[in-house]
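Presented below is the structure to which this report refers.
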Amino acid sequence: GGGKVAEMIREDGIDILVELGGHTAGNRMDVVVRKPAPIQVTMIGYPNTTGVEEVDYRITDGVADPTAWGEERYVEKLLRLSNCFLCYTPPRCGGERGVGVGKAPCETNGYVTFGSFNNLAKVNGEVLEVWARVLQAVPNSRFVLKCKPFVNKKSREKILQDFKKLGISSSRITLLKLVPSNLEHLSSYNCMDISLDCWPYAGTTTTCESLYMGVPVVTLRGNTHAQNVGASILSSIGHPEFIARSINEYLEIAVGLAK
């Protein structure tokens, strides 16, 4: 249990304990609340304050958590890194890049394909409405989505019906299921020209994967850490032009890239 783990940490003389789960599934906040180390830090796994006073610091950056916000929303003291608080290591194959970046699919297809491989829980009504407006503004464009729920027929039918209500035919939507390996997953990005981010909970791993595979990502800044992760990643790689500050600007960037 948490008490036994905390005791082991004290016996080992750990000076700084870093927890990576926050309040996500499988977390060990039961250890952290016992304050087994003199300095305790949280980062990466949970996009908000832990609310646990025994956690001293939270590692972030000035884009995900702008200094103008202050720190009133956190019980932790924020440690803002000078660059993005994240790092990404793609899967490799024998020490080499496992997946090649293909040419833009629009060159072969004759039309632009937008896409999102984010968790379906992040795709809310407003996001879908804006994506539909993007498709309406770019004639003959398509949209590809990929996530775990699409193994279920009802989930596929539901998302297609949602697009239909917004005036988008199912013939313009491609739904992909999960694939067995990370390398195959990365290869799936080669069917996408432009990646569109979600809000108010932006993508993280999917944004890194898109960029690694040469696919530009359009994201929308907001007033929470969870929404600003995409902006943090894009700022760190030198592409702030893909960061929107309003829905209208998001539309302009997405449609502009398609042209």
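Okay, here's what the table says:
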item: Sites matching chymotrypsin sites (Phe, Trp or Tyr not before Pro) across region 1-78 that sit in DSSP coil, with at most 11 neighbouring C-beta atoms within 10 Å; result: none
item: Size of charge dipole - region 88-197 - debye, nearest 20, with Cβ of Lys, Arg +1 and Asp, Glu -1, no other charges; result: 400
item: Cleavage-rule hits (GluC sites (Glu not before Pro)) in region 68-123: DSSP loop, at most 10 neighbouring Cβ within 10 angstrom; result: E72
item: Neighbourhood charge, 14 Å Cβ-Cβ cut-off, centred on E76 and excluding it, Lys, Arg +1 and Asp, Glu -1; result: -2
item: Among the listed pairs K158/K259; K35/K77; K122/K146; K4/K35; K146/K259, those beyond 20 Å (Cα-Cα); result: K158/K259; K146/K259
item: Net charge, V18 excluded, C-beta distance under 15 Å - Lys, Arg +1, Asp, Glu -1; result: -2
item: Amide hydrogen neighbours beyond the local backbone of I39, cut-off 5 Å, H modeled; result: L17
item: Under 13 Å, Cβ to Cβ, from S171 - net charge with Lys/Arg +1 and Asp/Glu -1; result: +3
item: Separation of alpha-carbon centers, region 23-65 and region 190-234, rounded to whole Å; result: 24
item: Which of S170, S141 has the fewest Cβ neighbours within 10 Å, and the rest in rising order; result: S170, S141
item: Which of D15, D65 has the fewest Cβ neighbours within 10 Å, and the rest in rising order; result: D15, D65
item: Exposure proxy ranking, count of Cβ atoms within 10 Å, fewest first, for C87, C106; result: C87, C106
item: Given charges at beta-carbon only (K, R positive; D, E negative), |dipole| of the chain in Debye; result: 1180
item: Estimated 222 nm signal from helices in the chain, with DSSP H stretches of n ≥ 4 weighted -39500 (n - 2.57), rounded to 500; result: -9500 deg cm²/dmol
item: Segment I44-S155, extension gain: residue separation times 0.36 nm, minus the distance between their alpha carbons; result: 37.0 nm
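Any read-out appearing in this document is the output of simple, stated calculations on the displayed coordinates, not a laboratory observation. Here the structure is a predicted model, which is why all the values come from computation and not from measurement. Note that each Cβ is placed from the backbone with ideal geometry, even for glycine, and that neighbours are counted across all protein chains shown.
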